[in-house]
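These notes concern the structure reproduced below.
The values are calculated or read from the model by the stated rules, or taken from the named source; none is laboratory data. For clarity, every value in this text was computed on a predicted model and none was experimentally measured. Counting neighbours? That spans all protein chains shown, and the Cβs are built from the backbone with ideal geometry, glycine included. Only protein heavy atoms, including side chains, enter the accessible area calculation; ligands, DNA and RNA are left aside. Shrake-Rupley method; radii C 1.70, N 1.55, O 1.52, S 1.80 Å.
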Amino acid sequence: MSVSIDIVPSADSIDMIGDADLLSNYSLSGHVSVALTSPYTFYGPRRTARALLHSVTLTFEGQSEVLTPQTGYSAVRLCAETQEILPAEPVEITNEGHEDSGKPCYWNVLFNMSIPGWLPPSAVYGIEGGGVRYTLFAEVKYTVICDSNNNSFTLSDLCSPFRSRMRSVETQKLISLRRLIAPYEDSPTDQNMVLQPRVTFLINAKYPKNTNFPIDILSTLQILATVPEHINIEHHIFPLTIRMRTEGLAADKCKRVKIDSVSINVVQKENYRRTLTEGYHRRHPMCPPQDQPPHVPLRDPHPMAALYESGLGGYVACSRSVSREFSILPLGISGSHSLGDNNYPFANDAGTPAEHRTWYTLESSLPFVHHVTDDKTVEWGGSSIIRPSVYSPLISILHEAVVELSCAYTIPETDEIVTERIFFSIPLRFQYFVPYTQLSYSAVAPSGTMPTLSGSPGPSLPSSKSYTSSLPAYSQLFDRNGDPKIDHNTPLPLYTPRISPNASSSSLSLDSDADSDSEGIEMRELDPLLSSR
């Protein structure tokens, strides 16, 4: 008699909606398929296979690994969730009635595990294959029930005195974890500019310490930068708005400040560390230090882990961390824009009270590429491709919009023109978004927790995948306080007044033309806008 097992998840991946949340949990469901096959016999029909299941144990383990020539190999255990999915009493399984078919008889044990919502998404970094992985392990312990009424002889009977009474079989399955952002509004006709919540930063601009530019002029500049809260990584463009004004600057000096040009670059920064980030373990409920490698080794480590743990690969690792960064602007686009030779944006503020001064606004649509082909990639880092923004124990992927403003000022006494470049960075967050789909629902039978028998050789729950993959996440339907979210994709029906039977019917249609977005930079004066949704 042979017993084999397989893990069949209900969905292809765990889709976590929104940012990492310590207070949220997600469901990993499916079933463990236990296959039972009767042994071959020399004489007579095959005997009935009977086994007594004592336990079916699942362990969900997450791990983060870094492997580079500069840092060597390092690993941490993110989480380890164990669940016993079999009832307290042993369960007998058999293939009675299917002995002569020659095919396995499947018993499916359903499971539903709770997965923490703060985990980073699955990813592979570098050419060595490090990154973040999640694996579901299953172990089934059973004993064979001998049939004393069956006199047929099999090859397994020769070894029965030497075999342990309690037997076990194990398997594992890679689980993909994705982190997605639910769009507030999505339009199938506009694939690049999706209306998303904006976030505004109060900028603290930097400039050289030995500048000839008057410090009292630079200190009066107020700068606000507005970008989307999340940028869809599958798109190719995103909006950026920069607002500037002076505060407390004298009227005669407002006319002498000039903005010559602006330069914007979009940068991806990657950092790989050998040790945990300071404070990460304190802010996230990771496994305690005594359960981390090498005290408790990973159940499925990287193939090179044994080499480094034995000390054979340690001689090349001398750095605590290694980093690289590259621009994701399209090839041939410098990001520099001239604002004209006579651009004095604060001239109209002369004589205007500070509280009524307007904002000088620069609006731009910044393009980006998904793969940089400049042949300057670092060998250990692999190809320069855009990745989602992530902050994990050993790996950080950050994005920034680096802005430089070229300013000029005419000194009143000598009419000398001094120039200076002030610069600042705006943090960006690139993420994958939930695809725009029309959700459909269908009724399914409720699932229990007891093992179910399936006489067919295939899994007995084929319809659960299509059902669970079509269901939206809770955060897509409800806010944090439990109130239902408003679906702006489905417009309300037009109001139709009640009319008498003799009156003639009429219809009204409203058409709106969407304004086309133009690339480049547009200059205008607006009231301050700190946030928009």
message: For the range 242-366, what does the relative contact order come out to in percent, with C-alpha contacts under 8 Å and a separation of six or more?
response: 60 percent
message: Counting just the Cα atoms, what span does the range 29-128 cover along each of its three principal axes? Round to the nearest Å and put the largest first.
response: 66, 32, 17
message: Which order do you get for Met286, Met1 if you rank them by accessible area with a 1.4 Å probe, largest at the top?
response: Met1, Met286
field: FRET efficiency, 1/(1 + (r/R0)^6) with R0 35 Å, evaluated for Ala182 and Ile411 via beta carbons
entry: 0.05
task: Whole number in Å², please: accessible area per residue of the range 1-124, 1.4 Å probe, ligands, DNA and RNA not counted.
output: 38 Å²
- request: Considering only protein heavy atoms, with the full assembly of protein chains and a 1.4 angstrom probe, order Glu96, Glu270, Glu413, Glu84 by accessible area, largest first.
  value: Glu413, Glu96, Glu84, Glu270
query: Over the range 380-436, one equal point on each Cα, no solvent: what is log10 I(q)/I(0) by the Debye formula at q = 0.13, 0.28 Å⁻¹?
result: -0.60, -1.12
message: Keeping all protein chains in place and using 1.4 angstrom, which order do Met16, Met304 fall into by accessible surface area, from largest down?
response: Met304, Met16
query: Can you pull the accessible area of Leu405 for me, 1.4 Å probe, Å² to the nearest 10?
result: 0 Å²
FRET efficiency estimate (nearest 0.05) - Cβ-Cβ, Ala347 to Thr171, R0 60 angstrom: 0.20
message: On the Cα set of the range 198-255, report Rg and Dmax in Å, please.
response: 15.6, 48
- line: Here the gain from full extension of Val418 to Glu84, 0.36 nm per residue of separation minus their alpha-carbon distance, amounts to 112.9 nm
query: What FRET efficiency, computed as 1/(1 + (r/R0)^6) with R0 = 56 Å and r the Cβ-Cβ distance, is obtained for Thr275 and Asn212, rounded to the nearest 0.05?
result: 0.80
statement: Taking only the alpha carbons of the range 201-342, the radius of gyration and the largest Cα-Cα distance, Dmax, both in angstrom, are 24.3, 72
message: If I ignore ligands, DNA and RNA and count only protein heavy atoms, how much of Val390 is accessible to a 1.4 Å probe, in Å² to the nearest 10?
response: 20 Å²
